[in-house]
Amino acid sequence: MRTNACLVLSYRWRTPRVVGGVCDSNTATKKTYLVEAFLVAFLLVAQGAPPAQSAEVFRLAGVSVVGSKRYDASEIARATGLKVAENLTVDSLKEAASRLGSMGVFAQVNYRYATRGNTMTVVFTVEDAGRFLPCTFENFVWFSQQELREGLRSRVPLFDGYAPPGGTMLDLISAALTAMLETRGIRAQIQASPQGPIGGPVQSMQFQAVGVPTPVRRVEFTGVEKVDPALLQEAARPLLDKDYDASFIRDFSRGGVAAVYRQRGYLRAEFGDPVPHLLTGDSTPNSVAVTIPVSEGEQYRLKEIAWSGDSAIPYSDLEKSLHAAIGSPLNAVQLEQDVLSLLLLFHPKGYLMADAGAKAILDDASHSAVYQIQIRQGDLYRLGKLEIAGLDDARARSLEQLSRLRPGDPYDATYWNKFVQEVARQLPPTTSGWKFHPEQTIHADTKTVDVRLTFAPMAISR
């Protein structure tokens, strides 16, 4: 006759590490997961009753889950694969715990069970993993975003749009995407790759179908009323005939295409996520039309240019280099180019490390903008040593004396082209002419620049 018993087992999973933005090859890449199974305690409810043997068969009377703050207990119970009223063994519990642990969504999985006669109840205690990444789907043009989410949720246990950086969850998502594509007659490989800034942390997990061309044939913008749609079409031309890539199209539209608005003062124009549509009747299978929603916002006019920072050049002189008129729509693209051009005014005066920053402060009530420009001219650099090479010593020393840029003068890198023109008649005669190569050595400690000008006869072309 069966006796009643309670046994507690604990399984702890170490989830794969992410090192430098990619999964550690000793864990996730090889898909090996360390399972430390250890007996915590067991309590015999009936005197002398041994724990259930791995081969004994029981009918599952109930399964419950505690400990997760991320997932609903019923979802986790379904993810175990155990079903109430079905037969199971103790080994079945080990397999279920292993299935949960290897997914990577839990840092720890424990379970305990109790038997009564030929029935068994089991309780899983889990601890959520510490990190989850949003999943992005770059080129699944055969499905809407809703269809993707619903299809994955129905096929992948515990999928909620996020996944751990390692574990079988990534494989399950890839397998589900493969199956979904096959329902549309598409055979492709699924590539999952971590995404993030170079040298920075992983921020998302990107899934992409590889091996199926999806050329973009048409790009359309909705919500456009304040600019000529033809201008947007022209700006989006580089996207045509390229395979659909949601991230690239999103970034391009918010950069290059958005410049159409920023040139005209629409500084709050926003571009939404691209929406792909399969084209029917195109000669190339899986051709795509892309729709990008636009929120144009209001037009802002320039109210004032506000200067700050140390500047050896008067602000009034700097402002003459700007292509902007007070009261006109603020052309942010032109002003950004103008600010960069300001640096060309500082470098010839010896401020080699000069920099400038700019930003527009918008007043939504008056639809006006104050454009703030901060000058950071940096330290003044002076000419250190001047050396002329490639000529005889006497001529080289003579040319050095002819230089109007003397040691100790504020350094001007643009001077040397003028210098060569000034001393051209002092160079030895040659049938091919002379060329020169300037080498600059900047000394940050002494704030000086040493210059070596090397002259050489030009090669005769035959």
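The values are calculated or read from the model by the stated rules, or taken from the named source; none is laboratory data. All values reported here derive from a predicted model rather than from experimental measurement. Every residue, glycine as well, gets a Cβ built from its backbone with ideal geometry; the counts of neighbours run over all protein chains shown.
Report every pair of residues separated by at least 6 positions or lying on different chains whose Cβ atoms are under 6 Å apart, first residue within the stretch 305-327 and closer than 14 Å to residue 372 by Cα, second among the charged types (D, E, K, R).
309/376; 322/338
What's the number of the only condition in (1) under 27 Å from residue 249 (Cα atoms); (2) modelled with pLDDT under 95; (3) surrounded by fewer than 16 Cβ atoms within 10 Å (Cβ to Cβ); (4) not β-branched (Val, Ile, Thr) that residue 147 fails to meet?
Only one criterion in (1) under 27 Å from residue 249 (Cα atoms); (2) modelled with pLDDT under 95; (3) surrounded by fewer than 16 Cβ atoms within 10 Å (Cβ to Cβ); (4) not β-branched (Val, Ile, Thr) is unmet by residue 147, namely (2).
Residue-by-condition table, conditions (1) of a type in the set (Phe, Trp, Tyr); (2) out of contact with any helix residue (DSSP H, G or I) (no Cβ under 7 Å at 6 or more places or on another chain); (3) over 22 Å from residue 215 (Cβ atoms):
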position: 252; (1), (2), (3): yes, no, no
position: 255; (1), (2), (3): no, yes, no
position: 259; (1), (2), (3): no, no, yes
position: 266; (1), (2), (3): yes, yes, yes
position: 271; (1), (2), (3): yes, no, no
position: 275; (1), (2), (3): no, yes, no
position: 283; (1), (2), (3): no, yes, no
position: 298; (1), (2), (3): no, yes, yes
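Can you say whether residue 161 is surrounded by fewer than 16 Cβ atoms within 10 Å (Cβ to Cβ), outside the structural domain of residue 257 (by TED's automatic domain parsing) and within 15 Å of residue 103 (Cα to Cα), as far as the supplied structure shows?
On the way: surrounded by fewer than 16 Cβ atoms within 10 Å (Cβ to Cβ): yes; outside the structural domain of residue 257 (by TED's automatic domain parsing): yes; within 15 Å of residue 103 (Cα to Cα): yes.
Answer is yes for this residue.
Do we have residue 297 as part of a loop (DSSP other than H, G, I, E, B) and farther than 21 Å from residue 220 by Cβ here?
Working: part of a loop (DSSP other than H, G, I, E, B): yes; farther than 21 Å from residue 220 by Cβ: no.
In short, no.
Is it true that some residue in the stretch 114-123 is closer than 29 Å to residue 215 by Cβ, buried (at least 19 other Cβ atoms within 10 Å of the Cβ) and either in contact with a strand residue (DSSP E or B) (Cβ under 8 Å, 6 or more places away or on another chain) or not polar (S, T, N, Q) (or both)?
Quick first cut of the stretch 114-123, residues closer than 29 Å to residue 215 by Cβ only: none.
For the stretch 114-123, residues closer than 29 Å to residue 215 by Cβ, buried (at least 19 other Cβ atoms within 10 Å of the Cβ) and either in contact with a strand residue (DSSP E or B) (Cβ under 8 Å, 6 or more places away or on another chain) or not polar (S, T, N, Q) (or both): absent.
So in the stretch 380-429, with the set limited to residues that are of a type in the set (S, T, N, Q) and part of a loop (DSSP other than H, G, I, E, B), which one is surrounded by the fewest Cβ atoms within 10 Å (Cβ to Cβ)? Full working, then the answer.
Going residue by residue through the stretch 380-429, those that are of a type in the set (S, T, N, Q) are 398, 401, 403, 414, 417, 421, 426.
Filter once more, so that each one left must be part of a loop (DSSP other than H, G, I, E, B): 403, 414.
Working: 403: 19, 414: 9.
Across the stretch 380-429, the extreme among qualifying residues is 414.
What do you reckon, is residue 220 part of a strand (DSSP E or B) and either under 30 Å from residue 177 (Cα atoms) or within 27 Å of the chain's Cα centre (by Cα) (or both)?
On the way: part of a strand (DSSP E or B): yes; either under 30 Å from residue 177 (Cα atoms) or within 27 Å of the chain's Cα centre (by Cα) (or both): yes.
Considered against the rule, which asks whether it is part of a strand (DSSP E or B) and either under 30 Å from residue 177 (Cα atoms) or within 27 Å of the chain's Cα centre (by Cα) (or both), residue 220 comes out as yes.
Would a scan of the stretch 252-268 turn up a residue that is of a type outside the set (S, T, N, Q) and in contact with a Ser or Thr (Cβ under 9 Å, 6 or more places away or on another chain)?
Kept after step one, since they are of a type outside the set (S, T, N, Q), are these residues of the stretch 252-268: 252, 254-262, 264-268.
So of that shortlist, the ones also in contact with a Ser or Thr (Cβ under 9 Å, 6 or more places away or on another chain) come out as 265, 268.
Yes.
I need every pair where a residue in the stretch 180-200 that is assigned by TED's automatic domain parsing to the domain that holds residue 145 and loosely packed, with under 12 Cβ neighbours inside 10 Å has its Cβ under 9 Å from the Cβ of a residue that is in a helix (DSSP H, G or I) and of a type in the set (A, V, I, L, M, F, W, C), sequence separation at least 6 or different chains.
What qualifies is 187/181.
Can you name the residue in the stretch 263-285 that is outside any strand (DSSP E or B), modelled with pLDDT of 95 or more and not hydrophobic (A, V, I, L, M, F, W, C) and is also surrounded by the fewest Cβ atoms within 10 Å (Cβ to Cβ) among such residues?
273
Mind listing just one residue for me: the one in the stretch 65-81 that is at negative phi and in contact with a helix residue (DSSP H, G or I) (Cβ under 9 Å, 6 or more places away or on another chain) and, of those, surrounded by the fewest Cβ atoms within 10 Å (Cβ to Cβ)? Give the steps one after another, and end with the answer.
We begin by selecting, within the stretch 65-81, every residue at negative phi; these are 65-66, 68-80.
Add one more test, that the residue is in contact with a helix residue (DSSP H, G or I) (Cβ under 9 Å, 6 or more places away or on another chain), and what stays is 65-66, 68, 71, 76, 79-80.
Working: 65: 23, 66: 11, 68: 18, 71: 19, 76: 24, 79: 21, 80: 21.
Applying the filter and picking the extreme gives 66.
Report whether or not residue 451 is at pLDDT 95 or above and surrounded by 12 or more Cβ atoms within 10 Å (Cβ to Cβ). Reasoning before the result, please.
Values: at pLDDT 95 or above: yes; surrounded by 12 or more Cβ atoms within 10 Å (Cβ to Cβ): yes.
Judged against the criteria, residue 451 is a match.
What do you reckon, is residue 169 at pLDDT 95 or above, more than 29 Å from residue 107 (Cβ to Cβ) and buried (at least 16 other Cβ atoms within 10 Å of the Cβ)?
Numbers: at pLDDT 95 or above: yes; more than 29 Å from residue 107 (Cβ to Cβ): no; buried (at least 16 other Cβ atoms within 10 Å of the Cβ): yes.
No, not satisfied.
Within the stretch 374-394, restricting attention to residues that are touching a Leu at 6+ places or on another chain (Cβ under 8 Å) and either β-branched (Val, Ile, Thr) or without any contact (Cβ under 8 Å) to a residue 40 or more places away in the chain (or both), which residue is nearest to residue 430 (Cα to Cα)?
Among residues in the stretch 374-394 that are touching a Leu at 6+ places or on another chain (Cβ under 8 Å) and either β-branched (Val, Ile, Thr) or without any contact (Cβ under 8 Å) to a residue 40 or more places away in the chain (or both), the one nearest to residue 430 (Cα to Cα) is 388.
Residues that are in contact with a helix residue (DSSP H, G or I) (Cβ under 6 Å, 6 or more places away or on another chain) and more than 14 Å from residue 207 (Cβ to Cβ): find the helices (runs of 4 or more DSSP H) completely inside the stretch 86-189 holding 1 or more of those. Please lay out each step first, then the result.
On the way: elements: 90-102, 145-155, 168-183.
It comes to 90-102, 168-183.
What residue, of 192, 179, is among the small types (Gly, Ala, Ser) and either modelled with pLDDT under 95 or under 23 Å from the mean Cα position of the chain (by Cα) (or both)? Reasoning before the result, please.
On the way: 179 fails: either modelled with pLDDT under 95 or under 23 Å from the mean Cα position of the chain (by Cα) (or both).
Matching residue, one of 192, 179: 192.
Restricting to the stretch 238-262, name every residue that is part of a helix (DSSP H, G or I) and hydroxyl-bearing (Ser, Thr, Tyr).
Filtering the stretch 238-262 for residues part of a helix (DSSP H, G or I) gives 238-239, 246-257, 259-262.
Residues satisfying the conditions are 247, 253, 261.
Going by the conditions given, is residue 210 hydrophobic (A, V, I, L, M, F, W, C), out of contact with any helix residue (DSSP H, G or I) (no Cβ under 8 Å at 6 or more places or on another chain) and surrounded by fewer than 14 Cβ atoms within 10 Å (Cβ to Cβ)? Talk me through it step by step, then tell me what you get.
Values: hydrophobic (A, V, I, L, M, F, W, C): yes; out of contact with any helix residue (DSSP H, G or I) (no Cβ under 8 Å at 6 or more places or on another chain): yes; surrounded by fewer than 14 Cβ atoms within 10 Å (Cβ to Cβ): yes.
Criteria met by residue 210.
Have a look at 302, 335, 362 and point out the one that is at pLDDT 95 or above and either over 24 Å from residue 226 (Cβ atoms) or not in a strand (DSSP E or B) (or both). Before you say what the answer is, go through the steps one by one.
On the way: 302 fails: either over 24 Å from residue 226 (Cβ atoms) or not in a strand (DSSP E or B) (or both); 362 fails: either over 24 Å from residue 226 (Cβ atoms) or not in a strand (DSSP E or B) (or both).
Matching residue, one of 302, 335, 362: 335.
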